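The values are calculated or read from the model by the stated rules, or taken from the named source; none is laboratory data. Since the model is a prediction, treat every value here as computed from it, not as a measurement. Here the Cβ positions follow ideal geometry from the backbone for every residue, glycine too, while neighbour counts run over all protein chains shown. Areas reflect the complete protein model, heavy atoms only, side chains present, ligands, DNA and RNA absent. Shrake-Rupley method; radii C 1.70, N 1.55, O 1.52, S 1.80 Å.
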Amino acid sequence: MGPVPDMDGVVLAVEHLTMRFGGLTAVGDLSFDVRRGDITALIGPNGAGKTTVFNCITGFYKPTEGRLTLAHADGSRHLLERLPNHAVNRTARVARTFQNIRLFQGMTVLENLLVAQHAPLMRASGLSVLGLLGAGSYRRAEAAAIERAKEWLGRIDLMGRADDPAGDLPYGAQRRLEIARAMCTDPVLLCLDEPAAGLNPRESGELNALLRHIRDAHDTSVLLIEHDMSVVMEISDHVVVLDYGVKIADGTPGEVRADPRVIAAYLGVEDEEVAEVDAEVGLAVTHLEPQA
Amino acid sequence: MAGGLMNTKPPGGSALADVVRDAGLYALVAFGLCVPLISYRTDPGPAGLDLTPRWPLVAGLCAAIFVVRLLQRLVLMRRDARRASAPAQTDETLGLAPDAAIKLSTLALWAFIGLALTLPFVAALASGGLGEARYWIDLGILILTYVMLGWGLNIVVGLAGLLDLGYVAFYAVGAYSYALLATTFGLSFWICLPLAGLFAALWGMLLGFPVLRLRGDYLAIVTLAFGEIIRLVLINWVDVTGGGAGISSIPRATFFGIPFTAGEEGFAARFGLTFDSMHRVVFLYYVILALALITNLVTLRLRRLPIGRAWEALREDEIACRSLGINTTTTKLTAFALGAAFGGVAGSFFAVRQGFISPESFNFLESAIILAIVVLGGMGSQVGVAIAAIAMVGGPEMLRNLGFLKAVFGEGFDPNEYRLLLFGLAMVAMMVWRPRGLISVRVPSVALGKRRAISGAHVSEGHG
């Protein structure tokens, strides 16, 4: 193991992350930090490698090179690239959502939130033996799990639909439920893959409020991939921009949107178009330098 | 087939012409098939083969196919029209809302248990004596064995969504465990029963470790091969298993140590009854009933525990499970091992009932029947599996009793010979009308308010 990075205030340190698929380098030598208590946004044009980074962080891919260090508040460190897939959630406490929603469609909303609390419930059920015998300790643990689920149901405004199958919910509610389900695993880092995709303006407003609540009221930092710039610019504390698997900018939303390389990545290099999309993003065009 | 294609056309005056044309096409295809297969019959004659033309038969078959297809299209058209006029809330459960299905299946479960508990008495009363009721009690034992196997496999296929085509392997492991332990070491049935379950679970895990990273079709093929391997080992390892000759004179079950014999120490003498060989059969009946009910009870309870929910979540979406910290390998392995254990216990019961086992009893057809019971019943539904077991095992038996059909079809008619044909028809009918099984709704494992069933349309069938 190399020198332990200084993790002061950093929840996730990505160092020299490289992911190759055969001859294709999807992510090349990427390094960035996610600070504790921040909402960090990972943005970039389509195909920039954002979801690949997510899959590496959450254990679905084993990175070709690089180190992913996750630090808990108590000082313990976890090297995510060495953990088996499910342990990234269970021991390192990294939770995620998916770009194409992956709920348990045939199970109720409440059941979805209980499956997320599998590990503590499994322990309480004595690996099912105590539970099978109907032990009181398990029943109390289950009641507590249901209470916790109800708390989140209230938070995402789905209390009335707790007993409906998740597949019956409207799209926006499914997105919220997936976030609540991830939060039920009690994560220190929550990774959201395009949480605002397909939401209408009112729903993305609600999403922003939910994410702020998660950041402020829980000990959870948020890392999100997003294309909806209104969400990114409004709620993130920190933005990392990827293009062709390489980091091209890293900073506060204000810094990033003024960065000519970011604008070039999104728009190509024609100056006229720069101005156009700039307006779309809601920027003043005045300070922009012509492209090199 | 063509129906899906036709449905896209706008209904109207041309619809009837379409239907007739479609039916005509079917008749034409049937004619094409009939020409080489049916139109001439070959009989050995004095000078080689004699050809007997059978054109009237061909014409009759083609006409029948034309009419049946015509009727089918008309019925489907009417149904589509009805659906179009009343689009919402068409459910698949016998035309009932999911909640009514829950009530119905609870009722059916209790009816099943009630009937099963009283069957020996009812049969004895109806046929005028225990000895005369033997046929019915034996049939009951056979059905209950398959109910237990179906409930055991339901954990693997129905709940965890792992397609297992080699379930009979565990049945065989259980049967041979008891047979070998009892004949070699003289262990009693009641000690061997849990041991057989343990051995089968062990084999389930041995198979599971390398195999469970496979999914869907690949898993099905490997489990199929495993079933065959076990059977071939049983045939070829003659020193231990007796090979194709099997193992005979397996000790019979005792009433917790008291044998069912006519002597002083026998069951009848101890309990002050007159000796009747049927006591043993009735006892076996209640043993398998108890074992089946234990399987059911354990499954129902596990469904409400985190492990059961994890199984179902695994069936719904394995990737989401991993993202929630669920160790999918151990979760699959527990489902596999538990299903195997119940299969093993059923197998050891099979051995004690038969008194003789051979590899022939554990061929692929058995796996297929058990799987058919689970799929027919509705994956994950306990009641559905029980009903399907009665239909699949009891149905063919019933065919033996249809002697009156001889009056219709002539003396040489044996309804039993047509059972596979009828099976095939029943399967096709199921695929058309109830592709998700008899009871396709899912009952939630937990609810804040009233439990409401989930329509089968939402529930995933698993990908292995």
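A few points about this structure:
- Failed item in (1) open to solvent by less than 50 Å² (accessible area, probe 1.4 Å); (2) not assigned by TED's automatic domain parsing to the domain that holds A:Leu223, with A:Leu68 passing the rest: (2)
- Qualifying residue in the stretch A:69-84 (condition: of a type outside the set (Lys, Arg) and either within 28 Å of A:Leu158 (Cβ to Cβ) or part of a helix (DSSP H, G or I) (or both)): yes
- Scanning the stretch B:425-446 for residues that are open to solvent by 30 Å² or more (accessible area, probe 1.4 Å) and either within 25 Å of A:Arg102 (Cα to Cα) or not in a loop (DSSP other than H, G, I, E, B) (or both) gives B:Leu425, B:Ala426, B:Met427, B:Val428, B:Ala429, B:Met430, B:Met431, B:Val432, B:Trp433, B:Pro435, B:Arg436, B:Val443.
- Hey, A:Ala26 assigned by TED's automatic domain parsing to the domain that holds A:Ser230, hydrophobic (A, V, I, L, M, F, W, C) and not in a strand (DSSP E or B) or not: no
- Residue check, A:Gly134 without any contact (Cβ under 8 Å) to a residue 24 or more places away in the chain, over 22 Å from A:Asn55 (Cα atoms) and assigned by TED's automatic domain parsing to the domain that holds A:Leu224: no
- Residue identified as under 14 Å from B:Ser445 (Cβ atoms) and of a type in the set (D, E, K, R) among A:Glu178, A:Glu147, A:Glu151, A:Glu111: A:Glu111
- Positions within the stretch B:46-83 being surrounded by 12 or more Cβ atoms within 10 Å (Cβ to Cβ), touching a Ser or Thr at 6+ places or on another chain (Cβ under 9 Å) and not hydrophobic (A, V, I, L, M, F, W, C), in sequence order: B:Asp50, B:Arg54
The rows are residues; the columns are (1) under 21 Å from B:Ala320 (Cβ atoms); (2) in contact with a strand residue (DSSP E or B) (Cβ under 6 Å, 6 or more places away or on another chain); (3) buried (at least 24 other Cβ atoms within 10 Å of the Cβ).
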{"position": "A:Arg20", "(1), (2), (3)": "no, no, no"}
{"position": "A:Phe32", "(1), (2), (3)": "no, yes, no"}
{"position": "A:His78", "(1), (2), (3)": "no, yes, no"}
{"position": "A:Arg90", "(1), (2), (3)": "yes, no, no"}
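- Looking across the stretch A:117-128, just one residue is open to solvent by less than 10 Å² (accessible area, probe 1.4 Å) and touching a Phe, Trp or Tyr at 6+ places or on another chain (Cβ under 7 Å), and that is A:Ser125.
- Conditions (1) at pLDDT 90 or above; (2) under 18 Å from the mean Cα position of the chain (by Cα); (3) part of a strand (DSSP E or B); number of the one not met by A:Val11: (1)
- Scan of the stretch A:46-65 for residues that are within 14 Å of another protein chain (Cβ to nearest Cβ) and open to solvent by less than 30 Å² (accessible area, probe 1.4 Å), ordered by number: A:Phe54, A:Asn55, A:Cys56, A:Ile57, A:Thr58, A:Gly59
- Residue pairs meeting the criteria (Cβ under 6 Å; at least 6 apart or on separate chains; first of a type in the set (Ser, Thr, Tyr), in the stretch B:101-127; second open to solvent by less than 40 Å² (accessible area, probe 1.4 Å)): B:Ser105/B:Val383; B:Ser105/B:Ile439; B:Ser127/B:Ala133
- Residue count for the stretch A:7-25, restricted to those that are among the charged types (D, E, K, R) and touching a residue at least 40 places away in the same chain (Cβ under 8 Å): 2
- Among residues that are within 20 Å of the chain's Cα centre (by Cα) and surrounded by fewer than 21 Cβ atoms within 10 Å (Cβ to Cβ), B:Leu159 is not included.
- Qualifying positions in the stretch A:153-185 - under 21 Å from the mean Cα position of the chain (by Cα), open to solvent by 10 Å² or more (accessible area, probe 1.4 Å) and under 16 Å from A:His218 (Cβ atoms): A:Arg155, A:Arg176, A:Thr185
- Failed item, numbered, when A:Leu190 is tested on (1) within 9 Å of chain B (Cβ to nearest Cβ); (2) assigned to a strand (DSSP E or B): (1)
- Of the numbered criteria (1) open to solvent by less than 10 Å² (accessible area, probe 1.4 Å); (2) at the interface with another protein chain (Cβ under 7 Å from one of its Cβ atoms); (3) of a type in the set (Lys, Arg), the one B:Arg322 fails is (1).
- Residue selected from the stretch A:79-96 under the condition in contact with a Pro (Cβ under 7 Å, 6 or more places away or on another chain) and charged (D, E, K, R), by the criterion nearest to the other protein chains (Cβ to nearest Cβ): A:Arg93
- Just one of (1) buried (at least 17 other Cβ atoms within 10 Å of the Cβ); (2) closer than 26 Å to A:Leu177 by Cβ; (3) not aromatic (Phe, Trp, Tyr) fails for A:Gly37. It is (1).
- Counted residues, the stretch A:97-116 - those being open to solvent by 10 Å² or more (accessible area, probe 1.4 Å) and within 8 Å of chain B (Cβ to nearest Cβ): 3
- Of the residues screened, A:Gly131 is not one that is open to solvent by less than 30 Å² (accessible area, probe 1.4 Å), in contact with a Lys or Arg (Cβ under 7 Å, 6 or more places away or on another chain), at pLDDT below 90 and more than 25 Å from A:Ile214 (Cβ to Cβ).
- Highlighted here are the helices (runs of 4 or more DSSP H) found entirely within the stretch B:229-312 that include at least 1 residues which are in contact with a Lys or Arg (Cβ under 6 Å, 6 or more places away or on another chain) and open to solvent by less than 30 Å² (accessible area, probe 1.4 Å): B:278-303.
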